[in-house]
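This report refers to the structure that appears directly beneath it.
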């Protein structure tokens, strides 16, 4: 079926959105995994498509849906399966919101190891399927580093389990990591076992400004030989600095380095003082509860509803040069500088031609520096020209083979993922 042929798509939004202006032909809300298996079998027999959904915070991510099908709402699958808190693992159903999961962990002073924007809406399954993470990625890792067990329903309507509750279990194929970041294109995540950790007793965010980005790049490189062990190292351009710093009482509008440290109170105090001596300049510091709003703002930056948003990946040593090459006043950019990830959101009005020119230039710079650039959000009509998944990579062919093995008829979230369009 031609993806652009909208005649077969429902015109009315009665069954809910699938993203990119497409609407579901039906919506299923299973309350058990057995019901979910039956739903998948029925949709497969009817020759349709299945679009897993949770909090619907990322419906427009990726390419448009390829053919009409049914939405499968997993939010009723939201219970705790197992929580041996002394082992620092928890097993939950995929429809639980991340905020609800964190509230459960709060009872034992523990926390999830990755940050999810709009946690009150985003579900655990959705967070894993999109691979979302925030500034603490440097110190705590990505979702794929936290997940140690997963259950999912295949395109055949059968629940499969991979991994286990024991952190050191490495037997079998690594389905937990394979499903993480797959956008629901390989199967529907129903349950996950995650590593958790105690909440740190203290936290601090260092806010250091500069007139240009190059000195900040040198300070990031200096952490390779420093005694300071940050949980996060962020660089903001002047636009992002103004947007994030102003609301928390910090002077924005400049190139800004943010260093986050978390540990016990004595360690945090020592690391802040140590960085002051190593940097040889003054800076602002937000400590403990006062740092929480800025931590939240750093994690939420990627969830802004700007009509144009991109994520670039490149060598960390090239972050400052990449940021300096972006057109001033057209982007607000945040870099997870220790990981080589840059999040960009477009400012003001854009035409398709302007967006294509800017994206092509930024992508070319990222590719030259060993990375790529994906378009996280843009109008649906622009997606083919902006090539939302970036330059084709060698592993796309492997991804297509895995998709063909697990979902030979293209039932699961067809069209969305890299290499499918």
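Taking every alpha-carbon pair in region 105-164 and binning the separations at 5 Å intervals from zero gives 4, 16, 22, 24, 19, 10, 5, 2, 0 percent. Helical content alone sets the calculated 222 nm signal of the chain at -8000 deg cm²/dmol, taking -39,500 (n - 2.57) per DSSP H segment of four or more residues and averaging over every residue. On a per residue basis, the convex hull of the C-alpha atoms belonging to region 202-300 measures out at 86 Å³.
Maximal additional length on extending the residue 87-residue 99 stretch stands at 2.2 nm, based on 0.36 nm per residue less the C-alpha distance. The orientation-averaged projection of the convex hull spanning the C-alpha atoms of region 136-289 amounts to 12.0 square nanometres. Relative to the longest principal axis of the Cα atoms of the chain, the long axis of helix 33-45 makes an angle of roughly 60 degrees. The residues 88, 344, when put in order of fewest to most other Cβ atoms within 10 Å, stand as 88, 344.
The angle separating the long axis of helix 265-279 from the principal Cα axis of greatest extent in the chain is about 60 degrees.
Distance between the 7 Å Cα→Cβ label points at residue 361 and residue 321: 1.8 nm. Rg then Dmax, both in Å and based on the Cα atoms of the chain: 21.8, 68. Take every pair of alpha-carbon atoms less than 8 Å apart whose residues are at least six positions apart; their mean separation over the length of the chain yields a relative contact order of 16 percent.
Report the percentage of all Cα-Cα pairs in region 349-421 whose separation exceeds 15 Å, rounded to a whole percent. Roughly 60 percent, once rounded to a whole number. What the Cα atoms of region 304-386 give is an Rg and a Dmax of 11.8, 35 Å. Give the angle, between 0 and 90 degrees and rounded to the nearest 10, that separates the Cα long axis of helix 395-406 from the longest principal axis of the Cα atoms of the chain. On a 0 to 90 degree scale, this one is about 40.
Values in this text are rule-based calculations from the coordinates and carry no lab data. Keep in mind it's a predicted model, so treat the numbers as computed, not measured. Every residue, glycine among them, receives a Cβ derived from its backbone with ideal geometry; neighbour counts consider all protein chains shown.
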